[in-house]
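Undergrad: Quick one: the structure is below, questions incoming.
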Amino acid sequence: MKILIVDDSSAMRMIVGRTLRKAGFEGHQVEEAADGAEALAKIEAGAPDLVLADWNMPNMNGLQLLQALGEREDAPVFGFVTSEATSEMRAQANAAGARFMINKPFTPDSFRAALEPILGAG
């Protein structure tokens with residue numbers, strides 16, 4: 001499975017990748033993008049199966065990325081990994097097609113809970 005991690009912080013992209021492995025989701029091809037615009041270009045070049053995106057990023061935020069993907073028939077499974085998760089944001093994410101929202105700070109357990117239904121047991 002191909003997973004795209006989208007966050008404007010390189011440190012956070014590394015932490016998300018490490019947490020995926022600690023949660024038992026090893027052996028997947030993981031790519032990274034620094035913002036929604038870069039992610040959209042990577043998705044168009046070779047669609048991932050899963051996108052883990054931050055909400056707040058420059059150039060194109062996570063919600064804008066999800067909305068852009070919503071128009072595609074081959075849109076990947078999409079979820080947010082974000083420090084901001086108000087009920088309004090959750091409603092917007094759900095309406096746009098997000099499958100889950102993982103709150104920062106997160107743990108391997110929170111990743112397992114969100115991703116096992118999608119990736120299977122780690």
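No lab work stands behind these numbers, since they all come straight from the coordinates. Only a predicted model underlies this, so the values are computations on that prediction, with no experimental measurement involved. Cβ sites come from the backbone with ideal geometry, for glycine too, and all protein chains shown count toward neighbours.
Undergrad: Between Glu26 and Met1, what is 0.36 nm times their sequence separation minus the Cα-Cα distance? Round to one decimal in nm.
TA: Details: separation 25, 0.36 × 25 = 9.00 nm, distance 1.00 nm.
So the extension gain works out to 8.0 nm.
Undergrad: Take the alpha-carbon centre of segment 9-40, take the same for segment 46-122, and report the distance between them in whole Å.
TA: Distance between centres, Cα-based: 12 Å.
Undergrad: Evaluate the charge dipole of segment 2-119 about its Cα centre and quote only its size in Debye, nearest 20, assuming +1 on the Cβ of each Lys and Arg and -1 on the Cβ of each Asp and Glu. Before the final figure, lay out each step's value.
TA: Values: 11 positive and 17 negative charges, 82 e Å.
With only Lys, Arg, Asp and Glu charged at Cβ, the dipole is about 400 debye.
Undergrad: Provide Rg over Rh for the chain; use the alpha carbon set for both Rg and the Kirkwood Rh (inverse mean inverse pair distance).
TA: Rg divided by Rh gives 0.92.
Undergrad: Compare Ala45, Ala85, Ala75 in a GNM of the chain, Cα atoms joined below 10 Å, and give the one with the largest fluctuation.
TA: Of Ala45, Ala85, Ala75, the most mobile in the Gaussian network model is Ala45.
Undergrad: If you don't mind, there's one more thing I want to ask. What ranking do Met57, Met1 get, fewest neighbouring Cβ atoms within 10 angstrom at the top? Can you show the working numbers first?
TA: Numbers: Met57 23, Met1 15.
Neighbour counts put them in this order, fewest first: Met1, Met57.
Undergrad: Does segment 1-44 classify as rounded, prolate or oblate by the C-alpha gyration tensor (a ≥ b ≥ c root eigenvalues; a/c under 1.5 gives rounded; else a/b over b/c gives prolate, otherwise oblate)? Each step should come with its number before you reach the end.
TA: On the way: a/c = 3.82, a/b = 1.43, b/c = 2.66.
Oblate, since a/c reaches 1.5 and b/c is not below a/b.
Undergrad: Tell me, what is the percent relative contact order of segment 56-121, built from C-alpha pairs under 8 Å that lie six or more residues apart?
TA: On the way: 52 pairs, mean separation 19.9, N = 66.
30 percent.
Undergrad: Taking the beta-carbon count within 10 Å as an exposure proxy, list Leu52, Leu63, Leu4 from fewest neighbours to most. Working shown, then result.
TA: Numbers: Leu52 28, Leu63 20, Leu4 23.
Lowest to highest Cβ neighbour count: Leu63, Leu4, Leu52.
Undergrad: Among Pro76, Ala113, Val16, whose Cα sits farthest toward the positive end of the charge dipole of the chain (+1 at Cβ of Lys/Arg, -1 at Cβ of Asp/Glu, about the Cα centre)?
TA: Ala113
Undergrad: Expressed in nm to one decimal, what extension gain is obtained for the pair Glu88 and Gln64 from 0.36 nm per residue of sequence separation less their Cα-Cα distance?
TA: Numbers: separation 24, 0.36 × 24 = 8.64 nm, distance 1.53 nm.
Full-extension gain reported as 7.1 nm.
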